[in-house]
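Notes to accompany the following structure.
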Amino acid sequence: MAENAKKTVLVVDDEADVRNFLKAALIEAGFNVILAEDGNIALDQVKKQIPDLISLDLVMPQKSGAKFYRELSKNKEWKKIPVIIVTGHARDDLGKSDLKELTMSGPGIYLEKPVKPANYIAAIKKILGMDTTEEEKETAEMVELQNDLKNIIDDADPETLKKLKELMNNKKK
Amino acid sequence: MIFQELFHQVPFNVAVIDRDYNIVEANRNFTEYFGDWKNKKCYAVYKKLKKPCKDCPSVEVFKKGKPIVADAVGIDQQGRKTHYVGHIFPMRIKKGGRVEYALEMTRTVTETDRWQQEYQILFDRVPCYITVIGEDYRIVRANEAFRNNFGDVLGQHCYKVYKRRKNKCPNCPAAKTFRDGRVHHSTQLGMGKRGQDIHYAVSTSPLMRGSDSVAHVIEISNDITALKKLEHEVIEAERLGAVGQTVAGLAHSIKNILMGLEGGKYIVSLGLDKNDKEMINEGWEMLERNFEKTTSLVKDFLSFSKGRLPKLKMIKPDLLVQEIVDLYKDIASQSGIKLESVIDDNIKRAPLDPDGIHTCLTNLVSNAIDACLMGEQKGTEVIIKVSEGQNKLIFEVSDNGSGIDYEIKKKIFTTFFTTKGGEGTGLGLLTTRKIVQEHGGKILVDSQKGSGARFRMEFPRKRLTELYKKAKE
């Protein structure tokens, strides 16, 4: 990691375990880490120091991820900060509409909890355009493909789903 | 002279006829109504006929010498058909002699008849069932809508007709009206003439005899069968929706726990790689916490899915409130929060599930305390209030803590929603709502961010009583 200047990631999540987990993974990968437990605190942190990337949860007390993101978008400087969404609510009523709004307007990548540290780091490095090992590159590409597929599957009609299943089953054999 | 005036003033059409149908005298009213009568036969004047009527009532009077009452249809001087009722009296010249004249006092009833017909049509055609029942619960009148659904039932007992019962229904609203002379309402399940279920909402209203006793009761019922069916479908749809939500919520909770386990595992292995004992400890604690979370999730989940009917007991609602205050007093005061109860003087006993309501109040009060801790203001307080509303028992838990964001408010009763990070399972308010609904009540929330929250549980007394009765059966 030495060739990369140390980048700073702001991790916003209301669950302490998740914050600590992501923090450990990020530090291990050579990042500086700032923590925030909701949108309000995150906003204070951004005011103090503009991070290189924000890792954002969606459903939180006080200020939700979507609200926080809207505030970010209002500021010219903040608007440029890349955001990766890490959520457990990607496919339920609590997060779906927020996620749709966010992926339409800005951050393209989201990860669904539970995340694996390798996937998380690979996705972040890709967004930041950092040097990655072959393995990391592959992982990042795979995460992206998996996400694309998830979206396709979510929107697919039953006929397409059937075909897709057949296709994947054949490949297994 | 006085008698002459009286003759003209009486509110009847008065005529005197002789045995040959000649009108020999008539008053002013009669003249105004039927026109000129002098030197005319009665049938010509009353009915514009050329020969005597077949069923002339006066002939009876001449023959039998006794007064009679008769009704007839005639034609007035404008040529309009007119109904009238006549009292006909025999007049003799000599006492004990033959009847020489008949005194006919008639009153037109055309208007009354028309009204009667109108009322009959109204009575029959209104789109609800109307019956009039006597003190012996026999039906003395029934309108067409009723007859169409329940058959021709005059003289039968109402309970037999409505419900095929052999004796009076318990909780009969008509019985109450007979007793207290007031209007009563209730909803009932009856049986139509083809054996079909008919749900109806019935109102009973008294028909008084004199001023103090009820002679008859009018029962007006609306068929709400279609409405009941819709209600049932909605409940069923909601239930299915809830199952879906529950499964999605369960998946989410498990995902969160998995995330914690994943994290713990990762940190432990990092610690092992680096031989960092502190890190191993941190990871291990994370694993433990998330195993613990699994346990409490399963526990909450089981308590949520437990039994559908509340175990109702007649209890004093204020005692429940006192219990909760005692339970939380210390916790609250340690955090610098004032915990108070406000109890209305007129609180009556109510059939409630003590454990269920205890759970509800516990959830609401612990949420309120958390909200006070979350805000930064001082002088926070939590108030538990119990009062009697309009036929409702009302519990309220209010605080002046952090309040609830509008977006969060939309979600608080959805499955597994929690704002307490890792601390909650998100089942508290959901369980509370479930218990309240099982009591036939509803829970409402009133809050704005930054200005506290008020949760209100309303229990309609009527529903509680119905549930209690059902539970005892």
Fill in the blank from the handout: All conditions in (1) under 20 Å from B:VAL45 (Cβ atoms); (2) in contact (Cβ under 8 Å) with a residue 24 or more places away in the chain are true of B:VAL132 except (1)
Exercise for the section: Output the residue which, of all residues in the range B:348-368 that are surrounded by fewer than 17 Cβ atoms within 10 Å (Cβ to Cβ) and under 27 Å from the mean Cα position of the chain (by Cα), is farthest from B:GLU466 (Cα to Cα). Expected result: B:LYS348
Handout entry: Matching residues in the range B:386-405 - criterion: being touching a residue at least 60 places away in the same chain (Cβ under 8 Å), within 17 Å of B:VAL342 (Cβ to Cβ) and surrounded by fewer than 20 Cβ atoms within 10 Å (Cβ to Cβ)
Key = B:GLY389, B:LYS392, B:ILE394, B:GLU396
Completion exercise
Pairs returned, first residue in the range B:188-201 that is within 26 Å of B:LYS462 (Cα to Cα), second residue that is in a loop (DSSP other than H, G, I, E, B) and of a type in the set (Gly, Ala, Ser), beta-carbon separation under 8 angstrom, 6 or more apart or interchain, are B:ILE198/B:GLY192
Completion exercise
Subset of the range A:135-173, residues under 22 Å from A:TYR110 (Cα atoms) and of a type in the set (Asp, Glu), comes to A:GLU135, A:GLU136, A:GLU138, A:GLU141, A:GLU144, A:ASP148, A:ASP154, A:ASP155
Handout entry: Single residue of A:LYS137, A:LYS165, A:LYS126, A:LYS150 found to be surrounded by fewer than 12 Cβ atoms within 10 Å (Cβ to Cβ) and basic (Lys, Arg)
Key = A:LYS165
Exercise for the section: Show the residue pairs that are 6+ apart or on different chains and have beta-carbon atoms under 7 Å apart, the first residue being within the range B:1-26 and of a type in the set (D, E, K, R), the second being outside any strand (DSSP E or B) and modelled with pLDDT of 90 or more. Expected result: B:ARG19/B:PHE62
Problem - Members of the range A:1-20 that are within 17 Å of A:ALA118 (Cα to Cα), within 12 Å of another protein chain (Cβ to nearest Cβ) and in contact (Cβ under 8 Å) with a residue 60 or more places away in the chain - result: A:VAL18
Completion exercise
Note on the range A:52-67: residues within 12 Å of chain B (Cβ to nearest Cβ) and either closer than 21 Å to A:VAL115 by Cα or modelled with pLDDT of 85 or more (or both) are A:ASP57, A:LEU58, A:VAL59, A:MET60, A:SER64, A:GLY65, A:ALA66
Handout entry: Top-ranked residue in the range B:122-167 [being assigned to a helix (DSSP H, G or I), of a type in the set (A, V, I, L, M, F, W, C) and touching a helix residue (DSSP H, G or I) at 6+ places or on another chain (Cβ under 9 Å); ranked as nearest to B:VAL214 (Cα to Cα)]
Key = B:CYS158
Exercise for the section: Examine the range B:149-159 for a residue that is of a type outside the set (A, V, I, L, M), closer than 26 Å to B:MET208 by Cα and out of contact with any Lys or Arg (no Cβ under 7 Å at 6 or more places or on another chain), and state whether such a residue exists. Expected result: yes
Practice task
Would you be able to tell me the number of residues in the range B:58-90 that are assigned to a strand (DSSP E or B) and surrounded by fewer than 14 Cβ atoms within 10 Å (Cβ to Cβ)?
Solution key: 4
Problem - helices (runs of 4 or more DSSP H) wholly inside the range B:308-410 containing at least 1 residues that are of a type in the set (S, T, N, Q) - result: B:317-334, B:354-374
Handout entry: Breaking point among (1) buried (at least 20 other Cβ atoms within 10 Å of the Cβ); (2) within 14 Å of chain A (Cβ to nearest Cβ), for B:GLY271
Key = (1)
Practice task
Would you check which residues across the range B:274-284 are acidic (Asp, Glu) and more than 9 Å from chain A (Cβ to nearest Cβ) and list them?
Solution key: B:ASP276, B:GLU278
Practice task
Taking A:THR132 as meeting all but one of (1) in a helix (DSSP H, G or I); (2) over 15 Å from the mean Cα position of the chain (by Cα); (3) of a type in the set (Val, Ile, Thr), write down the number of the exception.
Solution key: (1)
Handout entry: Selection within the range A:27-43 - surrounded by fewer than 23 Cβ atoms within 10 Å (Cβ to Cβ) and within 14 Å of chain B (Cβ to nearest Cβ)
Key = A:ILE27, A:GLU28, A:ALA29, A:GLY30, A:VAL33, A:LEU35, A:GLU37, A:ASP38, A:ASN40, A:ILE41
Practice task
Determine whether B:LEU240 is modelled with pLDDT of 75 or more and either touching a Gly at 6+ places or on another chain (Cβ under 6 Å) or hydrophobic (A, V, I, L, M, F, W, C) (or both).
Solution key: no
Practice task
Please indicate, with yes or no, whether at least one residue in the range B:184-201 is part of a helix (DSSP H, G or I) and surrounded by 15 or more Cβ atoms within 10 Å (Cβ to Cβ).
Solution key: no
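The values are calculated or read from the model by the stated rules, or taken from the named source; none is laboratory data. Note that this is a predicted model, so its numbers are computed, not measured. Every residue, glycine among them, receives a Cβ derived from its backbone with ideal geometry; neighbour counts consider all protein chains shown.
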